[in-house]
Amino acid sequence: MKKKNKFYLTAILLINIFTLALNAQPQFRNKINFPDILGYRSLKCDFHTHTVFSDGNVWPTFRVEEAWRDGLDVIALTDHLEYQPHKDHIPSNHNAPFQIAKKLASELDITLIQGAEITRNMPPGHLNAIFVKDGNALVKDDWKEVVLEAKKQGALLFWNHPSWVAQQPDGIAKWYAEHDWLLETGILFGLEVYNANIYSPETHQWCIDKNLAVLGNSDVHDPLHFEWEAEKVAHRPITLVFAKDSSPESVREALLDRRTAIWYDHKIIGDKKYLKEIYSKSVSIDKNKISAIGRDSKPLLVTNNSDVDYDLNLVSANPNIQFPKEMKLMANRTLKVSVRAAKEDVSVKEKVTVVYEVKNLITAPGKTLQVTYEIDFDIRPKK
Ligand SMILES: [Zn+2]
Ligand SMILES: [Zn+2]
């Protein structure tokens, strides 16, 4: 009887384990194919997210799961310090989100950064402190005292959604003396040029003029897909950080050196030196010599080895050669285009320079990146 019991128990246990294994839904991480540049890793980051510990609707570990599934490398949990609508049910503890989520983050190799959103009227508006050590010590009446405490903890600060209509009804961001003070403290390293799906051109220009890092973050409150499924873009705003590795120290060093760009809405926004590298690491052309007679057209294969689509418009070229006026370089595909002489009787025996504008690589408000190719031609006139 005893033996039989043992057998049954083992059988039931095995069946239970088997059923559990069957019930566990497979989880997938989205692999983002994006080039590393200039000897740095291109980290995919979101530095602005909320949980139930302020006005968000998800538990902190959920943010880590989402980031893992989205293929991100780094996230910050940045709950509001001064806005605690769930406090009757969830105690106000500004260290709790990080403490709850850090174990899972380390298991999934997601770099988790402790943050807090200093939530004040304009000016100064909302400020995100990241690399915070003790969120509870940031609860103070005077916002300048909060900033100085954050600085004491070694935190860095960025200004969130400067053009937010709840604080700037015309949707135009304005710079105040309070922001000069933030610059003077040395703690302000960047500005949110993209907050969720809102782009602020004024904020973008300030980043250029004041040498601040461009940031694009989700500011997500609900499960991410609630907010993004209605958008016609594949992913949330991502801040690209060009860092030695994904450790918090390397991310911090890169942010202080302003090595960032934004990837959202089929666009990349950032300094020319980074966008140029991203493009040239993504796109290759198969030929450097084209030989033809008369108007005989020749194929040119342009391969895009990244998840970014590139949208090109011809700017200038040798008038004797016809290049495509537009090229849509779809992610992870090769485009075949044809080039040929403009007339039957031309002779071109030289390196031809052709310049394209990459319409979705934005270097400044209203300005795009230009890329130059040099292709050797040997075109003889048709007799
Ligand atoms: Zn905010
Ligand atoms: Zn927020």
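The values are calculated or read from the model by the stated rules, or taken from the named source; none is laboratory data. On a predicted model such as this, the values are computed, not experimentally measured, just so you know. In this analysis, Cβ positions are derived from the backbone assuming ideal geometry, glycine residues included, and neighbour counts consider all displayed protein chains.
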Across (1) touching a Ser or Thr at 6+ places or on another chain (Cβ under 9 Å); (2) in a loop (DSSP other than H, G, I, E, B); (3) without any contact (Cβ under 8 Å) to a residue 40 or more places away in the chain, residue 163 clears everything bar (3)
Test of understanding: among 23, 57, which residue is at pLDDT below 95, over 21 Å from residue 156 (Cα atoms) and among the polar types (S, T, N, Q)?
23
Quick one: residue 310 ticks every box in (1) at pLDDT 95 or above; (2) within 14 Å of the chain's Cα centre (by Cα) bar one, so which box is it?
(2)
Is it true that some residue in the range 353-371 is farther than 17 Å from residue 320 by Cα, among the aliphatic types (A, V, I, L, M) and surrounded by fewer than 18 Cβ atoms within 10 Å (Cβ to Cβ)?
yes
Among the residues of the range 62-107, the number that are surrounded by fewer than 21 Cβ atoms within 10 Å (Cβ to Cβ), part of a loop (DSSP other than H, G, I, E, B) and of a type in the set (A, V, I, L, M, F, W, C) is 1
Output the number of the condition that residue 118 fails; it satisfies all remaining conditions of (1) within 16 Å of ligand 1 (Cβ to nearest atom); (2) more than 22 Å from residue 222 (Cβ to Cβ); (3) in contact (Cβ under 8 Å) with a residue 40 or more places away in the chain.
(3)
Being under 26 Å from residue 34 (Cα atoms), loosely packed, with under 15 Cβ neighbours inside 10 Å and out of contact with any Phe, Trp or Tyr (no Cβ under 9 Å at 6 or more places or on another chain): is that true of residue 325 here?
no
If you check 187, 118, which single one turns out to be buried (at least 17 other Cβ atoms within 10 Å of the Cβ), within 16 Å of ligand 2 (Cβ to nearest atom) and not basic (Lys, Arg)?
118
Which of the following residues is more than 16 Å from ligand 2 (Cβ to nearest atom), assigned by TED's automatic domain parsing to the domain that holds residue 251 and within 24 Å of residue 175 (Cβ to Cβ): 91, 123?
123
Do we have residue 100 as within 19 Å of residue 74 (Cβ to Cβ), within 16 Å of ligand 2 (Cβ to nearest atom) and assigned by TED's automatic domain parsing to the domain that holds residue 249 here?
no
Take residue 331 and tell me if it is crowded, with 18+ Cβ neighbours inside 10 Å and in contact (Cβ under 8 Å) with a residue 40 or more places away in the chain.
no
Mind listing whichever residues of the range 124-155 are among the polar types (S, T, N, Q) and within 28 Å of the chain's Cα centre (by Cα)?
128, 153
Out of 284, 247, 306, sole residue that is more than 30 Å from residue 156 (Cα to Cα), surrounded by fewer than 18 Cβ atoms within 10 Å (Cβ to Cβ) and not β-branched (Val, Ile, Thr)
284
Determine which member of the set 138, 157, 191 is without any contact (Cβ under 8 Å) to a residue 60 or more places away in the chain, closer than 23 Å to residue 91 by Cα, within 16 Å of ligand 1 (Cβ to nearest atom) and not basic (Lys, Arg).
138
Quick one: residue 194 ticks every box in (1) touching a strand residue (DSSP E or B) at 6+ places or on another chain (Cβ under 7 Å); (2) of a type in the set (Phe, Trp, Tyr); (3) within 16 Å of ligand 2 (Cβ to nearest atom); (4) part of a helix (DSSP H, G or I) bar one, so which box is it?
(4)
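Conditions (1) closer than 16 Å to residue 191 by Cα; (2) in contact with a strand residue (DSSP E or B) (Cβ under 7 Å, 6 or more places away or on another chain); (3) outside the structural domain of residue 62 (by TED's automatic domain parsing), marked per residue:
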position	(1), (2), (3)
108	no, no, no
116	yes, yes, no
138	no, yes, no
142	no, no, no
155	yes, yes, no
159	yes, yes, no
Among the numbered criteria (1) in a helix (DSSP H, G or I); (2) within 29 Å of residue 39 (Cα to Cα); (3) more than 16 Å from ligand 2 (Cβ to nearest atom), which one does residue 202 miss?
(2)
